[in-house]
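Student: The structure follows.
Here, each number is a calculation from the coordinates, and none is a lab measurement. Source: prediction; values computed, not measured. For neighbour counting, all protein chains shown are included, and Cβ atoms are generated from backbone atoms with ideal geometry for every residue, glycine included.
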Amino acid sequence: MDKARSIQKNKKEVWYKLDLSAIVYPTLQRRDFSSVYRLSVLLKEEIDPGLLQKALDMTLPRFPTYKVAIRKGVFWRYLEPNNRPGPFVMPDIKNPCMPMPFKANNRYLIRVYYYGRRISLEAHHCLGDGTGGMCVLQTLTAVYLGLKGHNVKPSGFVLNIDDAPDEEELEDAYMRYANARVCPPRPSEKAYRVRGTKEPFYTLNIIDGIMSVKELMAVAGKYNATLTEYLNSVLLYALLQKQEKEPHLRLKPVKIAMPVNLRRFFPSKTLRNFITMVYPSIDPRLGDYTFDEIVTHVHNFMRYYINEKLLRGDITTNASTQRNPFIRVVPLFIKDFVVRTFYTKIQDKNSSAGLTNMGAMKVPEDMKKHIERFDIYMGQPFSSRTNCAIISFEDTLTINFASSIVENDVERFFFRKLVQDGIHVKIESNKDAKSRKQQPDFQK
């Protein structure tokens, strides 16, 4: 711990450029929207808030790109070390992933909550993606368990807080691999948008589905699909049903924005953002699709698009604007206007929903007996739609929906299909008693 703190002190003048993905997130910041995600771990013992605060104070200096504040320059935003008091652990709230003003919370861009047996970490996406956030959460959990008398040997996502950060953990890995000889065009056709009644400000509707990994994999295997392919197909199927039941003059393609963890294809230890998006889709204008046809289509899409060559091309396309010498000297307020306009008019309309799969969580053997499950939430959508996030631990898989609209038709169609396929699903929600009267019966 002393070594990590000493390194942080010696590097207090160091600042970090926003990585290639992070550049966009502060631009989209609004009073009612921040790019915030949440990771949670459910332990088997009640949380001690005092020990959790001590563990956070010990852990955060090990992650210099998370112990920062965001600043605005003439041409770019950047992250600078934050040595203000905090962040301070807080009792959990009903509506997670609330907007994160840059000047609040002593300028920290992370929040740590506790409730019962649960520890939750919320982070602004300009700091890093879910992989980086999971390293922070698991390391924090290991330090906390250590203070409780349960020694955990660092491995995997659990880092040694006495070690100096590896330089590779701090890098913008996009720029190392953005070296394709061509910049493929971005998909641009507008997708179907979910319609719904917008909830009041600061309201995020959560619906969780908890199920068995083995049961889900057995069903996916019957369709000759991976677990990710099967769940993507179920979400596309739900979106198609939702669109079909709405009044419409013409149908539109349904698309899912799915982040791909680039560390699987390009070696990097970075704890910052290192993902890119792919868009599994179905175009109902071509005809009616059976569920089996959707699964086959998604299976072939994944095989074609998720590979090192095409992903490298996508990285190169995204990096081309940042490398442009003219764009580099354009004032920040002009960049913000262009990026915000592009995202609002084009990028945000390119998908019907978001789906991310963190996969199977691995933890040190010493931690397994203390953990019941993990959860992940993509946070508040930029526009009126739903986001879906998936994570598993041992034989427990959780599917977490988050939306800012009243209607939960997509979630109902989604879980109904799982139940029809023979999967047992336990549903949890943050909705109050009045709202629960409107909760769907997934058996129907």
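Student: Using the structure shown, select from K222/K269; K103/K153; K269/K369; K72/K153 the pairs with a Cα to Cα distance greater than 32 angstrom.
Tutor: On the way: K222/K269 36 Å; K103/K153 36 Å; K269/K369 27 Å; K72/K153 39 Å.
Where the Cα-Cα span goes over 32 Å, the pairs concerned are K222/K269; K103/K153; K72/K153.
Student: Are there trypsin sites (Lys or Arg not before Pro) in the stretch 14-102 that DSSP marks as loop and that have at most 16 other Cβ atoms within 10 Å, and which are they? Working shown, then result.
Tutor: Working: sites: K17, R30, R31, R38, K44, K54, R62, K67, R71, K72, R77, K94; in loops: R31, K44, K67, K94.
Sites meeting the loop and neighbour criteria: R31, K44, K94.
Student: A follow-up question, please. Relative contact order of the stretch 15-162, please, whole-number percent, based on alpha carbon pairs below 8 angstrom and at least 6 residues apart.
Tutor: Numbers: 250 pairs, mean separation 48.0, N = 148.
32 percent.
Student: Within the stretch 308-396, report the GluC sites (Glu not before Pro) that DSSP leaves as loop and that have at most 16 other Cβ atoms within 10 Å.
Tutor: Values: sites: E308, E365, E372, E394; in loops: E394.
Those satisfying the criteria are E394.
Student: Okay, next question. Quick one: which residues, 5+ away or cross-chain, put their amide H under 5 Å from the amide H of S351? H built at 1.01 Å from N.
Tutor: A191
Student: Right, here's the next one. Counting Lys and Arg as +1 and Asp and Glu as -1, each charge on the Cβ, what is the dipole of the chain about the Cα centre in debye, to the nearest 20? The partial results should precede the final answer.
Tutor: Values: 67 positive and 48 negative charges, 264 e Å.
Dipole of the chain, to the nearest 20 debye: 1260 debye.
Student: Hey, can you grab everything whose amide H is under 5 Å from the amide H of E372? Only 5+ residues off in sequence or another chain; H modelled, so Pro and N-termini drop out.
Tutor: Counting only residues 5 or more places away or on other chains, the set is L42, L43, K44.
Student: How large is the Kirkwood hydrodynamic radius of the stretch 205-436, in angstrom, based on all distinct alpha carbon pairs?
Tutor: Details: mean 1/r = 0.0513 Å⁻¹.
Radius from the Kirkwood sum: 19.5 Å.
Student: With all pairs of different alpha carbon atoms counted, what Kirkwood hydrodynamic radius in Å does the stretch 15-162 show? Mind showing how you got there, number by number?
Tutor: Numbers: mean 1/r = 0.0636 Å⁻¹.
Answer for the stretch 15-162: a Kirkwood hydrodynamic radius of 15.7 Å.
Student: Here's a follow-up. Just need the relative contact order of the chain here, percent rounded to a whole number, with Cα pairs under 8 Å and 6+ apart.
Tutor: On the way: 860 pairs, mean separation 101.9, N = 444.
Relative contact order for the chain comes out at 23 percent.
Student: Ok, one more. Which residues does a label at D336 reach in the stretch 66-87, if reach means a backbone N under 20 Å from a point 7 Å past the Cα toward the Cβ?
Tutor: 69-80
Student: For the stretch 184-236, which chymotrypsin sites (Phe, Trp or Tyr not before Pro) pass both filters: DSSP loop (anything but H, G, I, E, B) and at most 15 other C-beta atoms within 10 Å? Don't skip to the end; give the middle numbers.
Tutor: Values: sites: Y192, F201, Y202, Y223, Y230; in loops: Y192, F201, Y202, Y223.
Sites meeting the loop and neighbour criteria: F201, Y202.
Student: While we're looking at this one, here's another question. Only Lys, Arg, Asp and Glu count, each charged at its Cβ (+1, +1, -1, -1), so figure out the dipole size of the stretch 205-436 about its Cα centre, rounded to 20 debye.
Tutor: Values: 33 positive and 25 negative charges, 173 e Å.
For this selection, approximately 840 debye.
Student: Oh, and also: For the stretch 147-192, what class follows from the C-alpha gyration tensor (a ≥ b ≥ c being the square roots of its eigenvalues): rounded when a/c is under 1.5, otherwise prolate if a/b is larger than b/c, else oblate? Please report the intermediate quantities before stating the final value.
Tutor: Numbers: a/c = 5.29, a/b = 2.13, b/c = 2.48.
Oblate.
Student: Apply the Debye scattering formula to the stretch 330-417, with a single equal point scatterer on each alpha-carbon and no solvent, then give log10 I(q)/I(0) at q = 0.16, 0.19, 0.22, 0.24 Å⁻¹.
Tutor: The calculated log intensity ratios at q = 0.16, 0.19, 0.22, 0.24 Å⁻¹ are -0.78, -0.92, -1.06, -1.16.
Student: Another question, if that's okay. Be a star and scan the stretch 40-84 for residues whose amide nitrogen sits under 12 Å from the point 7 Å along the Cα-to-Cβ vector of L147.
Tutor: Counting backbone N atoms under 12 Å from the label point, the list is 47-60.
Student: Does the chain come out rounded, prolate or oblate, given a ≥ b ≥ c as the square roots of the eigenvalues of its C-alpha gyration tensor, rounded meaning a/c under 1.5 and, failing that, prolate meaning a/b above b/c? Don't jump to the answer; show the numbers that get you there.
Tutor: Values: a/c = 1.57, a/b = 1.20, b/c = 1.31.
Since a/c reaches 1.5 but b/c is at least a/b, the shape of the chain is classed as oblate.
Student: Can you list which of the DSSP-assigned H helices in the chain have a Cα extent of 24 Å or more along the long axis and an average Kyte-Doolittle score of at least 0.0? Intermediate results must be reported in sequence, preceding the final value.
Tutor: Working: long enough: 130-147 (25 Å, 1.18); 227-245 (27 Å, -0.03).
Sorted by number, the helices that extend far enough and score high enough are 130-147.
Student: Rounded, prolate or oblate: pick one for the stretch 120-177, where a ≥ b ≥ c are the square roots of the eigenvalues of its C-alpha gyration tensor, a/c under 1.5 means rounded, and failing that, prolate if a/b is larger than b/c, else oblate.
Tutor: On the way: a/c = 3.09, a/b = 1.71, b/c = 1.81.
Judged from the Cα gyration tensor, the stretch 120-177 comes out oblate (a/c at least 1.5, b/c at or above a/b).
Student: Antiparallel DSSP bridges in the chain: what percent, to the nearest 5? Don't skip to the answer; put the middle values down first.
Tutor: Values: 55 of 64 bridges.
Rounded to the nearest five, the antiparallel share is 85 percent.
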